[in-house]
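The values are calculated or read from the model by the stated rules, or taken from the named source; none is laboratory data. Computed from a prediction, not measured in an experiment: that's the story for all the values here. Methodologically, a virtual Cβ is constructed for each residue, glycine included, from the backbone with ideal geometry; neighbour enumeration extends over all protein chains shown.
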Amino acid sequence: MTSASERSYTRRDTVMFLVCLGLSVVGLFSPANWGLGVADALRETVLAPLVWLQARAEEGRTSRVRLRTVTAERDSAAYVAQGIPSLLAENEHLRQLLALSHRLSTPYVAAEVLHQAQATDSRTLLLSAGSIQGIAPFDPVVAPEGLIGVVLSVARRTSVVMTWAHPEFRVSAFTVTGNASGVVAPSASAITSVDGALEFRGVPYRDSVPPGTLVLSSGLGGVYPKGIPVGTVTGVMREQEGWERVYRLRAAANPGAAAHVLILVTPPNADLARAFPSDSEVLAMRRDSIAKVRRADSLAWAAELARVARADSVAAVRKDTATRKPARPPVRPDSARVSAPKPPAPTTRPDSVRPAAPKPATESKPAAPTTRTDTARPKPAKPPSAAPNPLTGRSAPADTTR
Amino acid sequence: MTTARANRLQLAVVMAVLVLLHFYIRPRLWSPRVSPDFLLIALMLYAMRSGPGAGALAGFLVGLTEDALTPAQFGAGALAHTVVGYLAAWGRAVFFADNLLVNAAFVAVGLWLRDFILLISSGTDERQLLVELTLYSPLQALTTALFTLLVLLAFRQWFAIRLDA
């Protein structure tokens, strides 16, 4: 038989348990904004020393353990960076040719990931940077390997990231080859934390994406910048006949193993209009583009005409040459002359004193050395090929190949 | 100083050490998913030495802390830790867990139960639930139990654990 004190003790325990249970259920079914607000408030007040302590621990771990890796990455990045100026110049030149605006530069804030021991740690990450560092909700978070997620809520010194493992995560993406685009979302049938954990949905059935293709963020939607690696295609997950294919992706970055991330912050008072030209600029660029296209077309047309004319000329010459070739003597007199060894110091060309010259009148012009004397040679007997061309009905023109 | 007050002071010191270990040493250990959960060790040791109501309240506070630091589904951690704290206090009364290994096993079971309730209440899909409960949770339970043994050995005089088992 239990005493009154034991019964009250048990009743008090039960009441306390039920109250705690009820509060937990209320928190569980409350709107997400309420929960995030309470979490932010707790992190900024009661838990601030503990968060600070963990941030120092993470910094110490990353600064020691990852020193060699970071050094190697920095060296390789420095080597790659040597070619960046030329790539930037080339990119700028190409963007000008395409009448595109200047590429936006995105500032970033580095932060440590404060991993927790809970099983749901990979869905949301706690970062050691907050609104003081300029972080705002919906800022994208990336690791050196690729996309991690997006900032969900921000406190003063901490922020919470919704990673790609969160069921509500979505990012518009396209393949690096540019032949397919769709939406990347976490897979409901993920087996491990990284391999095959993402789905590339909405790819048209006609667009085949081979395994190994890199998938990047497309920039659509305005949250994630274009070009962040999201994952690599590992195969087809499922397909709807004639409509779409869903590909399995191996995520580029693992939130569970990330220790150091970059938050691509939106600069304060950022004017995104500078990335988009105004209407007048668009009109001017369009006219300029049209003029460039017309100019290029006219140049291309002129070049084509010149090429056709040249081809016709060469064809005509070849035709004439081919027609005359059978009647041509095997060795032309002057070519035989050219091939003959020259005397040591010829003052006059040998053929100029040829005795067989039938026209002595030309011989009476020795005072004009600039005139080739052989041009005044008597014409040889007209070969049979000099007959009128059966095709054109005209006489063959003089041999211009000489 | 009375014995009860001394015991409370000793327990508070152990709890403080475990909190420091959780936030300063655990990040320097292995993967966060399998590294020991010192907060759960503190909760279990406290709940086993107090009443069910106090255990439930302590579990609620620990869960609220975890929810604030990992708000994947706010309230899920509080719910899981409340249940685990309450059951740990009742289990101590049922199993008379003065044995060192039984205490460590008790903590391991508590961690697995915590993960089970947490994953269920936060809406985890079946495959991931299976992987978590059959792979990661047992690993973390093992490491947590090992560190529970170390803590109990280090503070065996304060916790009055019989080591002849």
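Within segment B:5-19, the residues that satisfy the criterion of being under 28 Å from residue A:55 (Cβ atoms) and exposed (fewer than 14 other Cβ atoms within 10 Å of the Cβ) are B:12, B:13, B:16. Number of residues in segment A:56-86 that are facing another protein chain (nearest Cβ under 9 Å) and hydrophobic (A, V, I, L, M, F, W, C): the value is 2. Just one of the listed residues (B:56, B:42) is more than 20 Å from residue A:27 (Cα to Cα), in contact with a helix residue (DSSP H, G or I) (Cβ under 8 Å, 6 or more places away or on another chain) and touching a residue at least 12 places away in the same chain (Cβ under 8 Å), and it is B:42. Screening segment B:51-165 for helices (runs of 4 or more DSSP H) wholly inside it with 3 or more residues that are at the interface with chain A (Cβ under 9 Å from one of its Cβ atoms) and small (Gly, Ala, Ser) returns the ranges B:52-69, B:76-95. The number of residues in segment A:131-149 being within 14 Å of another protein chain (Cβ to nearest Cβ) and over 16 Å from residue A:256 (Cβ atoms) comes to 1.
Residue-level check: of (1) at pLDDT 80 or above; (2) out of contact with any strand residue (DSSP E or B) (no Cβ under 7 Å at 6 or more places or on another chain); (3) not assigned by TED's automatic domain parsing to the domain that holds residue A:226, residue A:69 misses just (1). With respect to the conditions (1) under 24 Å from residue B:133 (Cα atoms); (2) of a type in the set (Val, Ile, Thr); (3) more than 10 Å from chain A (Cβ to nearest Cβ), residue B:17 falls short on a single one, namely (1).
Out of segment B:25-50, which residues are under 16 Å from residue A:115 (Cβ atoms), assigned to a helix (DSSP H, G or I) and modelled with pLDDT of 85 or more? Once the filter is applied, which keeps residues that are under 16 Å from residue A:115 (Cβ atoms), assigned to a helix (DSSP H, G or I) and modelled with pLDDT of 85 or more, segment B:25-50 yields B:38, B:39, B:40. Of all residues in segment A:11-65, those satisfying the criterion of being surrounded by 14 or more Cβ atoms within 10 Å (Cβ to Cβ) and of a type in the set (Lys, Arg) are A:12, A:43, A:56, A:61. Number of residues in segment A:112-130 that are at the interface with chain B (Cβ under 7 Å from one of its Cβ atoms) and of a type in the set (S, T, N, Q): the value is 4. Residue A:119 fulfils the conditions (1) closer than 27 Å to residue A:220 by Cβ; (2) in contact with a Leu (Cβ under 9 Å, 6 or more places away or on another chain) except for a single criterion, (1). I'd like to check something: does segment B:27-35 contain any residue that is at the interface with another protein chain (Cβ under 9 Å from one of its Cβ atoms) and surrounded by 24 or more Cβ atoms within 10 Å (Cβ to Cβ)? Looking through segment B:27-35, at least one residue is at the interface with another protein chain (Cβ under 9 Å from one of its Cβ atoms) and surrounded by 24 or more Cβ atoms within 10 Å (Cβ to Cβ).
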